[in-house]
Amino acid sequence: MRSVKIASRYAKSLLILAKDESLVEEIAADMQALVNIGNENRDLRLLLKSPVVKKDKKISVFNMIFEASFQKPTMMFIQLITRKNREDILLEIASSFMNQYRAMKGIKEARVITAHALSAEQVKSVEEHLRTWAKGDVNIDYQVNADILGGIIIRLEDQEYNGSVAAKIAGLKQQFSKNLYVPQL
C-alpha cells in the first residue's frame, strides 16, 4: 500500500514537470511504452527489483534501452528514481502516471470481452456506443475469451454490461434451481 502512495506522488511530480515543459503527450507516450515494455519483459522487471545490480549499472542499462526513444526529462526522471533507490516501483510510477494523465484528459478506461475477435465494423459500433455511454473519450482494451461462449461483456470504469451467453445460462440455471413446482404423485 505504501508503494502505491509513493508511486502516485512521483507520478504526480512527473506530470507537473511534463506540463511545465509542455511535453505532456510525449512523456505520456514514454510512460505508456515503459508500462508496455515492463509487462512484456520479465528481465526488465527482474532488473528493477534486483538488489544485487548496482545503481550505476542500472542507469547505464536504462540509458542503452530507452535513451534513443524517450524524452530527455523522462530519462532524467528515470535516473533520479534509480539514484533514490525507487527503481523497484518504476513500473508502478509509470502506471500511476498514465492513470493521472487519463483523468486529466477525461479519458475513461473500458474493457470489451467477446468470444471471438470483432470485425472492423463491430469495433466501430462498439466504440461509438462506448463514447456515448462514457460521454467522452474512451481507451478500450479488447479481449477474446471463448469461455463466455458468445455475446459481449463491457466494463466501463465501475460499470458492467454482461450480455454473454455464459451469463444468460447461469441466470437460467439459478432461475430453474428456485422452481417451486412439486409434481403430484
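The values are calculated or read from the model by the stated rules, or taken from the named source; none is laboratory data. Please read these numbers as outputs of a predicted model, since none were measured by experiment. Here Cβ is always computed from backbone atoms with ideal geometry, including for glycine, and neighbour counts include all displayed protein chains.
Looking across the stretch 147-175, the residues that are in contact with an Asp or Glu (Cβ under 9 Å, 6 or more places away or on another chain) and part of a strand (DSSP E or B) come down to Ile153, Ile154, Arg155, Leu156.
Candidates Val53, Val61, Val4: the one that is part of a loop (DSSP other than H, G, I, E, B) and on the phi < 0 side of the Ramachandran plot is Val53. Could you tell me whether Met31 is in contact (Cβ under 8 Å) with a residue 24 or more places away in the chain, of a type in the set (A, V, I, L, M), in the same structural domain as Glu87 (by TED's automatic domain parsing) and part of a helix (DSSP H, G or I)? In short, yes. Scanning the stretch 121-151 for residues that are small (Gly, Ala, Ser) and over 27 Å from Ala28 (Cα atoms) turns up Ser125, Ala146, Gly150, Gly151. Can you find, within the stretch 128-146, the residue that is farthest from Lys105 (Cα to Cα) among those that are part of a strand (DSSP E or B) and at pLDDT 90 or above? Looking at residues that are part of a strand (DSSP E or B) and at pLDDT 90 or above, I get Val144. I'd like to check something: does the stretch 11-25 contain any residue that is more than 30 Å from Ala134 (Cα to Cα), part of a helix (DSSP H, G or I), in contact (Cβ under 8 Å) with a residue 24 or more places away in the chain and out of contact with any strand residue (DSSP E or B) (no Cβ under 6 Å at 6 or more places or on another chain)? No, the stretch 11-25 contains no residue that is more than 30 Å from Ala134 (Cα to Cα), part of a helix (DSSP H, G or I), in contact (Cβ under 8 Å) with a residue 24 or more places away in the chain and out of contact with any strand residue (DSSP E or B) (no Cβ under 6 Å at 6 or more places or on another chain). Scanning the stretch 98-133 for residues that are touching a Gly at 6+ places or on another chain (Cβ under 7 Å), within 18 Å of Glu157 (Cβ to Cβ) and either surrounded by fewer than 14 Cβ atoms within 10 Å (Cβ to Cβ) or of a type in the set (A, V, I, L, M, F, W, C) (or both) gives a single hit, Gly106. Scanning the stretch 74-87 for residues that are in contact (Cβ under 8 Å) with a residue 24 or more places away in the chain and either surrounded by fewer than 16 Cβ atoms within 10 Å (Cβ to Cβ) or under 16 Å from Lys12 (Cβ atoms) (or both) turns up Thr74, Phe77, Ile81, Arg83, Asn85, Arg86. In the stretch 163-174 there is at least one residue matching the filter, namely being in contact with a strand residue (DSSP E or B) (Cβ under 6 Å, 6 or more places away or on another chain) and farther than 30 Å from Pro73 by Cβ. Only residues that are of a type in the set (Asp, Glu), within 30 Å of Leu15 (Cβ to Cβ) and assigned to a helix (DSSP H, G or I) were counted across the stretch 96-127, and they come to 1. Applying the criterion of being aliphatic (A, V, I, L, M) and surrounded by 13 or more Cβ atoms within 10 Å (Cβ to Cβ) to the residues of the stretch 39-73, the residue that is farthest from the chain's Cα centre (by Cα) is Val53.
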